[in-house]
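Worksheet: one structure, shown below.
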Amino acid sequence: GRLYNHKTTIYFLPSGHIKNGSMIDDWDDLPIRTRLIIGYRGPYELRKDRSAFRIAGREYKSQDTIYYLPPNRLLSGDSIKDFSRLQVGTLIFLPARL
């Protein structure tokens with residue numbers, strides 16, 4: 001829709017690169033199997049000193065909080081069973097409304 005090129009539309013390219021809609025110039029060249037989420041901000045990187053809870057607050061387990069795990073895996077917060085097993089470097093995307 002009309003948000004295809006907005007900064008809150010995040011594209012996950014099969015190569016592992018991540019771009020928001022405002023960063024894409026050639027829409028005809030978007031690879032097959034590109035995935036996207038609409039209405040998000042981020043990425044916020046999980047680090048030893050910055051947990052999922054510290055990044056997202058009580059929403060860390062929400063179905064609206066999106067985790068990008070290597071290699072190229074997207075999961076919602078409500079589908080993650082053990083947050084202590086998340087790797088450092090996991091990227092977190094939060095709804096733009098938070």
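The values are calculated or read from the model by the stated rules, or taken from the named source; none is laboratory data. From a predicted model like this one, the values you see are computed outputs, not experimental measurements. Note: ideal-geometry Cβ built from the backbone for every residue, glycine included; neighbour counts use all protein chains shown. These accessible areas exclude ligands, DNA and RNA; they are computed on the full protein's heavy atoms, side chains included. Shrake-Rupley method; radii C 1.70, N 1.55, O 1.52, S 1.80 Å.
For the chain, what is the accessible area per residue in Å², given a 1.4 Å probe and the full set of protein chains? Could you put the intermediate results ahead of the total?
On the way: 6610 Å² over 98 residues.
Accessible area per residue: 67 Å².
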- prompt: Taking Cα pairs under 8 Å and at least six residues apart, what relative contact order does region 1-67 come out at, in percent?
  reply: 26 percent
- request: Could you point to the label whose value was computed as Rg/Rh (Cα atoms, Kirkwood Rh) for the structure here, given [x] 0.98; [y] 1.07; [z] 0.95?
  value: [x]
query: So, with a 1.4 angstrom probe, what is the percent of accessible area on the chain that is carbon and sulfur?
result: 48 percent
task: Go through region 1-32 and name the trypsin sites (Lys or Arg not before Pro) that are in a DSSP coil and have 14 or fewer other Cβ atoms within 10 Å of their Cβ.
output: R2, K7
